[in-house]
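Undergrad: Quick one: structure below, then a few questions.
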Amino acid sequence: MNDQLELNMDAYLPLRDVVFNTLREAILRGDLVPGERLMELQLAAKLGVSRTPIREAIRMLEQEGLAITIPRKGAIVAGMTEKDMQDVLEIREALEELSVQVACDKITDEEVAKLRENMENFETSLKSGDLKRMAEADVEFHDVIYQATDNPKLINMLNNLREQMYRYRVEYLKNPSNHEQLLREHEAIYRGIMAKDKDAVTEMIRKQVDVVKNIIREQEK
């Protein structure tokens, strides 16, 4: 169990959600690794809560595919094979392409302005050197595109798939030499959506997914 695990308290959320967010972040950061046991008593003691919110949080992690329960062993952090990742990427690529194409048709002037604002926020975040801030700014940029589709079911599917790939995106952000490329990608997506150029934004999404594919291949070697 990672010694740095601390409860990320938020007064506006139920305790189970606070515990869930804390464990989820630890898994995505790699502080809790695939195969590691999620023992209720130990986690409750570590986070200073009862077993009930721990148990509820573990169920929520299972729903996101971040934990699994094994008979007579209990809950463990879920692992994903390269094949699992490739399967997820195939689906994500198709849905991401759909999202930018729909966004080209439906995005409002207000959302275009928000997309530009988030693009600039992402550039600022890269200068901070704060990995969590960078990852959140990247997510916020793409969230505007998702919301522009005005399709809640598509948004939910994209968010779920993105969470499963989060740790690999963080690996890419860790390397400062990749930052300039990310900025160019965001600007190309922004300009493509502004121009309603579906072919251009679709091609850029494919390039972004290819980046994640390469990271997975490197990590599995």
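Undergrad: How big is the gap, in Å, between the Cα center of region 134-148 and the Cα center of region 183-221?
TA: Centre-to-centre distance over Cα atoms comes out at 14 Å.
Undergrad: Dipole of the chain, Cα-centred, from +1 at each Lys and Arg C-beta and -1 at each Asp and Glu C-beta, to the nearest 20 debye?
TA: My answer is approximately 800 debye.
Undergrad: Skip the ligands, DNA and RNA, and give the accessible area per residue of the chain with a 1.4 Å probe, whole Å².
TA: Counting only protein heavy atoms, the per-residue value for the chain is 53 Å².
Undergrad: In addition: Of the peptides 126-135, 141-150, 172-181, how do they stack up when ordered by the mean number of other Cβ atoms within 10 Å, highest first?
TA: Packing proxy ranking, top to bottom: 141-150, 126-135, 172-181.
Undergrad: Can you give the local net charge around Val49? Use residues other than it whose beta-carbon is closer than 13 angstrom to its beta-carbon, Lys and Arg +1, Asp and Glu -1.
TA: Around Val49, the surrounding residues sum to 0.
Undergrad: Give me the percent of accessible area attributable to carbon and sulfur for the chain, probe 1.4 angstrom.
TA: 48 percent
Undergrad: Ala67's amide H: which non-local residues (gap 5+, or another chain) put their own amide H closer than 5 Å, with H modeled 1.01 Å from N in plane and none for Pro or chain starts?
TA: Glu62, Ala78
Undergrad: Also, quick follow-up: Just the accessible area for Thr69, please: 1.4 Å probe, Å², rounded to the nearest 10?
TA: 90 Å²
Undergrad: Show the residues, 5+ positions off or on another chain, whose built amide H is closer than 5 Å to the amide H of Leu38.
TA: Counting only residues 5 or more places away or on other chains, the set is Ala75, Ile76, Val77.
The values are calculated or read from the model by the stated rules, or taken from the named source; none is laboratory data. Remember, predicted model here, so these are calculated numbers, not experimental data. Positions of Cβ are generated from backbone atoms using ideal geometry, with glycine treated the same way; all protein chains shown enter the neighbour counts. The accessibility values were calculated without ligands, DNA or RNA, using every heavy atom of the protein model including side chains. Shrake-Rupley method; radii C 1.70, N 1.55, O 1.52, S 1.80 Å.
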